Amino acid sequence: MTPDTPLKLVALAGGVGGAKLAEGLAQILPPHALTIIVNTGDDFVHWGLNISPDLDTVCYTLAGLANPVTGWGQADETWNVFQQMERLGAPTWFRLGDKDLATHLERTRRLREGEPLSHITHDLCMRWGIRHTVLPMSDDPVATIVDTVEFGELPFQEYFVHQRCEPTVRRFRFAGIEQAQPAPGVREAMAHADALIVCPSNPWVSIDPILKILQTAAIHLPNVVLAVSPIIGGRAVKGPAAKMFRELGIEPSALAVAEHYGKRTLTGFVLDSIDANLAPAVDALGIQAFVAQTLMPTSKERRKLAQDVLHLVEKLV
Ligand code: GDP
């Protein structure tokens, strides 16, 4: 694909898995051809600071600042503030490094002055040297709530980080989603998109909130919607996606992900090569199955998968 490609893509992303494919797409597409819409249902307030974990993971990854080991936070972090906070008795279940903290301090400062999240994100992206457009799904607060067998309803980070995803999931709720407007730029990006790429993010808690925002705002999906499976060989690469499927009574598999989105959302679905045997079952759902290497530990695999995805889009549009 040459940089003068006429195709325009929108990618939907959560944190770690979404950020990887977004980075691959950003390697091969010029800035005007890619908009990344990021989940903000995981956003929360901690130590009085507004934290947007998925936005930060996507931005740090695109900027080459991400910590390659953890998948969250920045590389080469120091922990001075965290250690002092610990000493002072502050809650330490959510780890915040010094560099990362600067992001949350600045975001919080600007939000308190009334600046919208999308505007702040745009400015931070420019300062980090990110040339592609990164949009929060909404400037309005949306809170993912996990209903668990053991504790009842838990705010997402309480479930995800504090309880280490251990409680058994019963269902999810996205508080505020009905009232949340898509962030400025979302509607326009979708209107001009030739294809929508659903990155390999957690379907339940990363992608569903974004799709719900689009649906509530009556934003039509492009004719081509291609998802990449976050489940490989029945397991999540990272995080609780497979565990969530199981606890909701669904055998976790790439096929289950395709079924979850369904043919009303997807035109195509990319399975990992180790799941190639599931392709006929995906086709039988009325969704075109494709097979690729979908594990993306480094920039090289991200670029390769992005190229494969782009070739599929070219075939489908
Ligand atoms: P979170 O908000 O940080 O949990 O991030 P996401 O929702 O974006 O990503 C979590 C999902 O990404 C998990 O279901 C993982 O299985 C998936 N994932 C992570 N790395 C990869 C990868 O290299 N390839 C694929 N196909 N999926 C991945």
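Laboratory data are not the source of any read-out in this text; all were calculated from the coordinates shown. Keep in mind that this is a model prediction, so the values were computed, not measured. Because the Cβ atoms are built from the backbone with ideal geometry, glycine has one as well, and the counts that use them run over all protein chains shown.
Around residue 168, under 15 Å between beta carbons, what's the net of Lys plus Arg minus Asp minus Glu among the other residues? Spell out each step's value before the answer.
Values: positive: 164, 170, 171, 243, 246; negative: 147, 150, 153, 158, 166, 247.
It works out to a net charge of -1.
Which value, in debye to the nearest 20, gives the size of the charge dipole of the stretch 194-317 about its Cα centre, when Lys and Arg are +1 and Asp and Glu are -1 at the Cβ? Numbers along the way, then the final one.
Values: 12 positive and 11 negative charges, 59 e Å.
The dipole magnitude comes to about 280 debye.
Which residue, 289, 310, 277, has the largest displacement toward the positive end of the dipole of the stretch 258-317 when charges sit on each Cβ (Lys, Arg +1; Asp, Glu -1)?
310
With +1 on each Lys and Arg Cβ and -1 on each Asp and Glu Cβ, how big is the dipole of the stretch 168-244 about its Cα centre, in debye rounded to the nearest 20?
On the way: 8 positive and 4 negative charges, 104 e Å.
Charge dipole, the stretch 168-244, about its Cα centre: 500 debye, nearest 20.
Given points 7 Å out from each Cα along the Cα-Cβ axis, report the residue 90 to residue 7 separation in nanometres with one decimal.
Reported label-point gap for residue 90 and residue 7 is 4.5 nm.
What's the longest bit of the chain with no exposed GluC sites (Glu not before Pro), using DSSP loop states and at most 14 other Cβ atoms within 10 Å as the test? It would help to have the intermediate numbers written out before the result.
Numbers: sites that count: 113, 150, 178.
It works out to 179-317.
Report the calculated FRET efficiency for residue 307 and residue 70 (r = Cβ-Cβ distance, R0 = 25 Å), to the nearest 0.05. List each step's numbers first, then the result.
Values: r = 27 Å, r/R0 = 1.08.
After rounding to 0.05, the efficiency reads 0.40.
Near residue 315, which lysines are there with a Cα under 21 Å away, not counting those fewer than 8 places off in the same chain?
8, 263, 304
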